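The values are calculated or read from the model by the stated rules, or taken from the named source; none is laboratory data. Keep in mind it's a predicted model, so treat the numbers as computed, not measured. With ideal geometry, Cβ positions are generated from the backbone for all residues, glycine too; neighbour counts draw on all protein chains shown. When the accessible area is computed, the model is the full protein with side chains, heavy atoms only, and any ligands, DNA or RNA have been set aside. Shrake-Rupley method; radii C 1.70, N 1.55, O 1.52, S 1.80 Å.
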Amino acid sequence: MTEQELLADCLQRLNSVGINYFLTGSMASNYWGIPRTTHDLDFVIQLPPRAIGALKAAFAADFYLDEQSVRAAYSPPHQFNAIDQRSSLKVDFWMAKPAPFDREMFARRKGVTLFSVRAWIASAEDVILHELVWNQMTPSERQLSDAAGVVAIQGEALDQSYLLRWSETLGVAAMLQRVLSGEIKPKQT
């Protein structure tokens, strides 16, 4: 199973459960920017406790998904994963937090079609900001390159005022300026 097939499969399962979600991480960077190989999927979800059983049931046939891990994700680090037993690829689920930026990301998510499946994905601006925030926590050339790749492809279509406002709030304004100016470039593969 390829990463693209896994993505389509997960999207169908999430859509069948009817919970709110959006795709983020490297697959979202690939959508808005310069594609690169990735080995996992990242989703931010709004999962009410009453929907845990439905989520587990939707993923039961082909995934290892520990219900205790799902329940533990209501506390930090607010994350659990599912392992695809067919490919051993990992799917990370991040619980949406009530922080203002997290709420804004959900409000700005975009409805798109990925590999013939309807999907929700983080906006291009939010992918950039999210990559920069992650880079601040765990520095990585890959995250900076992904952010730069989105800027390179989306260019003038990006909402500059939104990026500047949230970059200040999130403490990544200096790094955003380096990405926007072209000082940090996408890695050529």
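So which residues in the stretch 14-33 are open to solvent by 30 Å² or more (accessible area, probe 1.4 Å) and either assigned to a helix (DSSP H, G or I) or free of Cβ contacts under 8 Å to residues at least 60 places away in the same chain (or both), if there are any at all?
Within the stretch 14-33, N15, S16, V17, G18, Y31, W32 meet the criteria.
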Original post:
Do you know which residues across the stretch 9-54 are closer than 23 Å to L180 by Cβ and among the small types (G, A, S)?
Top reply: G25, S26, A28, S29, G33
**OP:** Determine if the stretch 141-163 includes at least one residue that is closer than 30 Å to D66 by Cα, in contact with a Leu (Cβ under 8 Å, 6 or more places away or on another chain), touching a residue at least 12 places away in the same chain (Cβ under 8 Å) and polar (S, T, N, Q).
**Re:** yes
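Specify which of the listed residues (E125, E141) is of a type in the set (D, E, K, R) and modelled with pLDDT under 95.
E141
Residue-by-condition table, conditions (1) surrounded by fewer than 17 Cβ atoms within 10 Å (Cβ to Cβ); (2) at pLDDT 95 or above; (3) assigned to a strand (DSSP E or B); (4) basic (K, R):
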| residue | (1), (2), (3), (4) |
| --- | --- |
| P35 | yes, no, no, no |
| D42 | no, yes, yes, no |
| I45 | no, yes, yes, no |
| L55 | no, yes, no, no |
| A61 | yes, no, no, no |
| Q68 | yes, yes, no, no |
| F80 | no, yes, yes, no |
| F93 | no, yes, yes, no |
**OP:** Test each condition in (1) touching a strand residue (DSSP E or B) at 6+ places or on another chain (Cβ under 8 Å); (2) farther than 22 Å from G149 by Cα; (3) of a type in the set (S, T, N, Q) for T24 and report the one that comes out false.
**Re:** (2)
